[in-house]
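A.B. asks: Mind looking over this structure? Questions follow.
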Amino acid sequence: MKFLKLILLLIVLCLPYLSFSQEGEVRSTRPLTKWEKMFSEVRYGENIYKTGSNWLTIGYGRGLHTNKDDINQNFALTYHHRYKAMYFNAGWHYSSKDFFLKRPMEQLNDIHLGAGLRFEDRWYNFGFFIGPSYAITWIPVNQNLSKIYGQLGAVVQIETTFKYFYDLGIGTTFYGSFNKRYQVVGIQIHHYFSNAFVTKY
């Protein structure tokens with residue numbers, strides 16, 4: 001239950017930055033800025049979209065816990081933001097062999113920030129991000145008890161997305177989470193949501 005509340009809270013916090021436009025809105029006729037010219041609007045079908053938009057990914061997958069050679073399940077929620085011509089992301093990554101089902105808990109929670117590159121077209125979105133994380137690890141010390149540690153780490157993500165609509169898609173994220181006690185590399189299937197939609201043509 002706490003897990004679902006945390007996911008909902010993160011989505012609600014990201015919504016103001018995804019600011020979806022409404023059909024028929026009044027649009028400004030002021031001169032375009034340098035960045036608006038660089039990331040222009042495009043038309044596909046009856047819709048107009050803006051390029052270089054912000055996006056959110058929600059992913060689930062599997063990974064290898066390299067410290068123990070165990071297969072982990074994982075979940076990730078990541079918000080990606082463009083500032084001028086640069087891209088940044090912030091998110092939460094969770095990995096565990098037992099995924100909330102057994103005790104004592106053995107798990108990794110990464111709260112991470114990153115900077116990176118992004119390439120997009122009508123049908124695809126590609127992103128590469130790397131940055132620091134604060135890793136909270138639960139390490140079992142016996143059959144009844146886990147010890148919780150906090151340490152700095154790093155997270156790397158490579159995203160490839162097929163956009164079935166310009167602002168919605170599905171894809172894969174190859175990731176690595178590295179810290180002193182709990183390192184994981186793996187793959188996730190993610191859903192892609194962006195605020196690219198501007199208006200109807």
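A.B. asks: Being touching a Lys or Arg at 6+ places or on another chain (Cβ under 9 Å), over 14 Å from H190 (Cβ atoms) and assigned to a strand (DSSP E or B) is the filter here, so list the residues in the range 58-89 that pass it.
C.D. replies: Within the range 58-89, H65, D70, I71, N72, Q73, R82, Y87, F88 qualify.
A.B. asks: Of the residues Y192, Y164, Y175, only one is exposed (fewer than 14 other Cβ atoms within 10 Å of the Cβ), farther than 19 Å from D98 by Cα and either in contact with a Gly (Cβ under 7 Å, 6 or more places away or on another chain) or free of Cβ contacts under 8 Å to residues at least 40 places away in the same chain (or both); which?
C.D. replies: Criteria check complete, one pass: Y164.
A.B. asks: Any residue in the range 99-116 that is within 30 Å of N47 (Cβ to Cβ), surrounded by 15 or more Cβ atoms within 10 Å (Cβ to Cβ) and among the hydrophobic types (A, V, I, L, M, F, W, C)?
C.D. replies: no
A.B. asks: Quick one: what pairs do we get from the range 20-47, first residue surrounded by 12 or more Cβ atoms within 10 Å (Cβ to Cβ) and small (G, A, S), second at pLDDT below 75 and in a loop (DSSP other than H, G, I, E, B), C-beta under 9 Å, 6+ apart or different chains?
C.D. replies: Every condition considered, the pairs that remain are S21/R27.
A.B. asks: So, one more: Across the range 121-136, what is the number of residues that are surrounded by 23 or more Cβ atoms within 10 Å (Cβ to Cβ), closer than 16 Å to Y94 by Cα and not aliphatic (A, V, I, L, M)?
C.D. replies: Looking only at that region, the number is 1.
A.B. asks: Just one of the numbered conditions (1) touching a Ser or Thr at 6+ places or on another chain (Cβ under 6 Å); (2) within 22 Å of E41 (Cα to Cα) is not true of W138; which one?
C.D. replies: For W138, the exception is condition (2).
A quick yes/no check of all residues on (1) assigned to a loop (DSSP other than H, G, I, E, B); (2) free of Cβ contacts under 8 Å to residues at least 24 places away in the same chain:
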residue	(1), (2)
D110	no, no
R118	no, no
R122	yes, no
G131	no, no
I148	no, yes
V155	no, no
E159	no, no
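A.B. asks: Please specify each residue of the range 143-159 satisfying the condition of being modelled with pLDDT of 95 or more and either of a type in the set (F, W, Y) or surrounded by 15 or more Cβ atoms within 10 Å (Cβ to Cβ) (or both).
C.D. replies: Passing the criteria: Y149, G153, A154, V155, V156, Q157, I158, E159.
The values are calculated or read from the model by the stated rules, or taken from the named source; none is laboratory data. Quantities reported herein were computed from a predicted structural model and do not represent experimental measurements. Quick reminder, even Gly has a Cβ in these numbers, built from the backbone with ideal geometry, and neighbours come from all protein chains shown.
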